[in-house]
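This report concerns only the one structure given below.
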């Protein structure tokens, strides 16, 4: 591993530690307002909504229409839901109980 790659690992670890240290929505709001552009925060929020809708069984066209996400974004999020590291699934269990629409 190159020095550059090791430094990136340290930077990522620092970022994740910072995010994990936030205790309230107000702290998160302030941190993300400072560290990201409005567009970056909106893009992350959009991807999470796409994941939620995919988890609920919505089709690509409906998701794109409601969220404004491109079909490429919807496809990428779907791929992450099925073959990714499990981050979306874990977060959805926290924010929505992780229950699929057809299981309610």
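Values in this text are rule-based calculations from the coordinates and carry no lab data. Just so it is clear, the structure is predicted and the values come from calculations on it, not from any experiment. We place every Cβ from the backbone using ideal geometry, glycine too, and count neighbours over all the protein chains shown.
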How many Å³ per residue does the convex hull of the Cα positions in the chain occupy?
-> 136
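Order these peptides, 84-94, 23-33, 52-62, by their mean beta-carbon neighbour count within 10 angstrom, highest first.
Working: 84-94: 12.9, 23-33: 11.1, 52-62: 15.8.
My ranking of the peptides, most packed first, is 52-62, 84-94, 23-33.
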Helix 87-96 sits off the longest principal axis of the Cα atoms of the chain, rounded to the nearest 10 on a 0 to 90 degree scale, by 70
So the compactness index of the range 1-52, its C-alpha Rg divided by 2.2 N^0.38 Å, takes the value 1.38
Calculate how steeply helix 3-21 sits against the longest principal axis of the alpha-carbon atoms of the chain, using the helix alpha-carbon long axis, and give the answer as 0 to 90 degrees to the nearest 10.
-> 70
Helix-only mean residue ellipticity at 222 nm for the chain, each DSSP H run of n ≥ 4 adding -39500 (n - 2.57), per residue, nearest 500 = -24000 deg cm²/dmol
Burial order of peptide ranges 67-75, 43-51 (average beta-carbon count within 10 Å, highest first) | 43-51, 67-75
Compute the long axis of helix 25-35 from its Cα atoms, compare it with the longest principal axis of the Cα atoms of the chain, and write down the angle in degrees, 0 to 90, nearest 10.
-> 70
